[in-house]
Amino acid sequence: MWTITSTGFPQCRGRILVVDQDEWCREFLSQVIKLWGFGEYHLATSVEEATSLLEQLSFDLLITDLNLPQYHQLLEDIRQRFPGMRLIVMLHQRSQLRHIFHLEQMEIVIKPLSLDEMARKIREAILSKQRHKVEEEILRLKQDTFRF
């Protein structure tokens with residue numbers, strides 16, 4: 001699942017959903033994902049599109065904007081239906097931090113977006129999701145082993 005790239009960082013792959021109403025942002029993030037080889041990604045312009053994709057596919061990471069209409073509905077839906085999914089929330093200003101209810105698996109970035117910061121946040125989120133899957137599998141194996 002992991003290979004070391006020429007940059008010295010583990011290459012990780014996952015399925016990513018980007019939800020943003022701004023075309024430039026979706027395009028920027030799709031370029032970051034392609035450039036770093038993070039895997040499959042899907043783009044949505046609204047909560048409705050995102051919800052439809054979430055019903056069809058499983059995702060490791062959701063990247064969205066706090067200013068997206070129905071943003072809170074999307075996050076609440078993910079918290080309830082996909083508790084292991086990692087999140088990156090983009091803000092336009094630091095002052096918006098007080099409007100966020102924090103989830104354990106959430107990262108925050110402030111626009112304008114930086115290529116290096118987004119690549120690092122995406123890599124960390126996917127690796128965290130993969131570690132979580134491995135830990136769950138180890139726990140399941142331990143439980144199965146000690147079950148009599």
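Rule-of-thumb check for region 10-145: C-alpha Rg over 2.2 N^0.38 Å?
1.05
Amide H of Ile108: which non-local residues (sequence gap of 5 or more, or other chain) have their own amide H closer than 5 Å, using H built in the peptide plane?
Hits under the 5 Å cutoff: Val89.
For Trp24, what is the net charge nearby, where nearby means another residue's Cβ is under 15 Å from its Cβ and Lys, Arg count +1, Asp, Glu -1? Present the calculation step by step, with values, prior to reporting the outcome.
Details: positive: Arg26, Lys111; negative: Asp20, Asp22, Glu23, Glu27, Asp65.
Once positives and negatives cancel, what remains is -3.
A short reminder: the numbers here are calculations on the coordinates, not readings from a lab. Quick caveat: nothing in here was measured; it's all calculated off a predicted structure. Heads up, the Cβs are rebuilt from the backbone with ideal geometry, glycines too, and the neighbour counts pull from every protein chain shown.
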